[in-house]
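Worksheet: one structure, shown below.
We did not get these values from a lab; they are worked out from the coordinates using the rules stated. From a predicted model like this one, the values you see are computed outputs, not experimental measurements. Methodologically, a virtual Cβ is constructed for each residue, glycine included, from the backbone with ideal geometry; neighbour enumeration extends over all protein chains shown.
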Amino acid sequence: MLLQFGAIKSIIIITIQSNEGVKPVTLLEKLLAIDEIPFRKDCPLAPLSTFHIGGNADFAVFPKTVEQLLIALRLCRKENVPYFLVGNGSNLLFPDEGLCGAVLFTKGMNAVADEPDGFFAESGVGLPVLSRRAATRGLSGLEFACGIPGTVGGAVYMNAGAHGGEMADVIVETAYYDAKTDTCGKLLGPEHAFGYRTSVFTTHPEMIILGAHIRLQSGDPNAIRQRISENLALRRQKQPIGEAGAGSAFKRPAKGSAAELIDACGLKGLSVGGATVSEKHAGFIVNRGGATAKDVVELMKKIRETVFAKTGILLEPEIRIFGKI
Ligand SMILES: Cc1cc2nc3c(=O)[nH]c(=O)nc-3n(C[C@H](O)[C@H](O)[C@H](O)COP(=O)(O)OP(=O)(O)OC[C@H]3O[C@@H](n4cnc5c(N)ncnc54)[C@H](O)[C@@H]3O)c2cc1C
């Protein structure tokens, strides 16, 4: 069901008396079953991230609607079960030991409503889907997003960007749930505090993105499609598309690019275990098979140390690392 601002219904939480000795996740399991929210116990996380790395989660929850996500979040909150939000898992690293608690995957929340000059998209909608849909409607502004394999939620959180565009250019309003106060709200324009690969959400983990209004400009559908094709061609030419990874491992430093610095330090092809600095794009770390989260973190450490020793520039990770590694 599509969430519209102001239409979030209050949810009645089913209370089960807490039995001593019963783990919170066991309670969560019962409660999720009552609400028919899809979930898996002891779920392997590796296939659920583009890095293909990570152990098992106690619980993986796959809400199909915003209402189901809110029920799951409120249950976790009530039962003190730690939870983690994941969109497409294209910018994160799951720990080898897996995660205790619940990992909430938003991809099933993928309703989109056309608006005169854009969309309202639930947080699980894929950016490439939205970019193509905008082109078909003759709406310009999302051409930059055609090759970013993330969801609206992950992209707003990260202020994802490419080819001179970023989410900050198109997001006008975001609906969120605040787990601290157990309330829903909306953010307008500057309240998102967008920065380079940051937003208000990166510093407020209690704020969960439910959906966003995206505003675009009218344009010629053929010209829009042409820009999309050019952007995708550029990616195929420069990036290790098709290899397991999570995009740029490091943020762009104040001067130049992380890829240029890593390349200039001669680090292309450097490996730790199954994790390797891509020979095609030095900013990407790829999993050539069997890489562990520890391999990736160790490789990132080596890259940072070498680049710092040779240039004095300390690279900041862009990949979100979940749990303790
Ligand atoms: C081949 C490849 C190319 C890429 N190219 C680019 C690029 O050009 N530009 C770019 O910016 N990025 C790029 N990325 C990285 C990634 O795709 C983006 O950062 C994307 O926006 C992440 O979206 P996601 O849904 O996968 O988020 P996830 O990786 O699932 O999550 C990222 C962060 O967002 C949080 N999050 C996710 N959903 C929510 C929510 N609903 N509420 C609150 N927090 C949430 C997560 O907890 C996590 O901290 C690339 C990745 C790959 C694999």
As a test, work out the antiparallel percent of DSSP beta bridges whose residues both lie in the chain, rounded to the nearest 5. 80 percent
Could you list 140, 123, 271 in order of exposure, starting from the residue whose Cβ has the fewest other Cβ atoms within 10 Å? 271, 140, 123
For the chain, what is the charge dipole size about the Cα centre, in debye to the nearest 20, if Lys and Arg each add +1 at the Cβ and Asp and Glu each add -1 at the Cβ? 600 debye
Please give the charge dipole size of the stretch 245-321, origin at the Cα centre, charges +1 on K and R Cβ atoms and -1 on D and E Cβ atoms. Round to the nearest 20 debye. 80 debye
Applying the gyration tensor rule to the Cα atoms of the stretch 112-222 (axes a ≥ b ≥ c; rounded if a/c under 1.5, else prolate if a/b exceeds b/c, else oblate), the class is prolate
